[in-house]
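Notes follow the structure.
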Amino acid sequence: MVFDLKSYQNSILLQNLYKLKSLGFHYIDSFNFNKEGNYNQALSFNQLIADISTCHLCDLSKSRSQSMFGCGNTQAKVMIIDFKISQSQDKENSYYIGRSGEILKNMIENI
């Protein structure tokens with residue numbers, strides 16, 4: 001049996017959208033994720049921080065105590081973007097939580 005993960009993910013997404021529609025939510029014009037040029041680029045670091053603090057696209061945004069927008073040099077040539085912030089990171093207000101976080105932090109700092 002071949003399992004198509006993308007079809008499964010799309011099916012789950014569609015199911016959730018139908019649930020939201022049944023609750024009275026309305027949709028905006030469609031847009032494509034991860035398509036080059038199909039997003040609004042922040043014009044400044046402060047605008048990026050404002051966009052992050054008002055974003056509600058992930059489940060954590062419904063229960064978070066703050067918005068975590070990054071740390072380090074804003075002029076750096078390399079930026080590491082995490083998929084999402086965990087509840088423990090939100091609670092501790094730190095990106096590197098636990099043993100795995102410390103290992104990752106040491107790897108990044110010692111490149």
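Across the stretch 92-100, computed HN-Hα scalar couplings (Karplus, 6.51 cos²θ - 1.76 cosθ + 1.60, θ = phi - 60°) run 8, 6, 8, 7, 10, 10, x, 5, 5 Hz from first to last residue, x flagging Gly and Pro.
Which of 19/91; 6/77; 21/91; 77/105 have a Cα-Cα distance over 28 Å? Check vs 28 Å cut-off fails for 19/91; 6/77; 21/91.
Residue-wise HN-Hα couplings along the stretch 106-111, as the Karplus relation 6.51 cos²θ - 1.76 cosθ + 1.60 with θ = phi - 60° gives them from phi, are 5, 5, 5, 6, 9, 6 Hz; Gly and Pro carry x.
Every read-out reported here was derived from the displayed coordinates using simple, explicitly stated rules and does not represent laboratory data. Because the structure is predicted, anything quoted here is derived from the model rather than measured.
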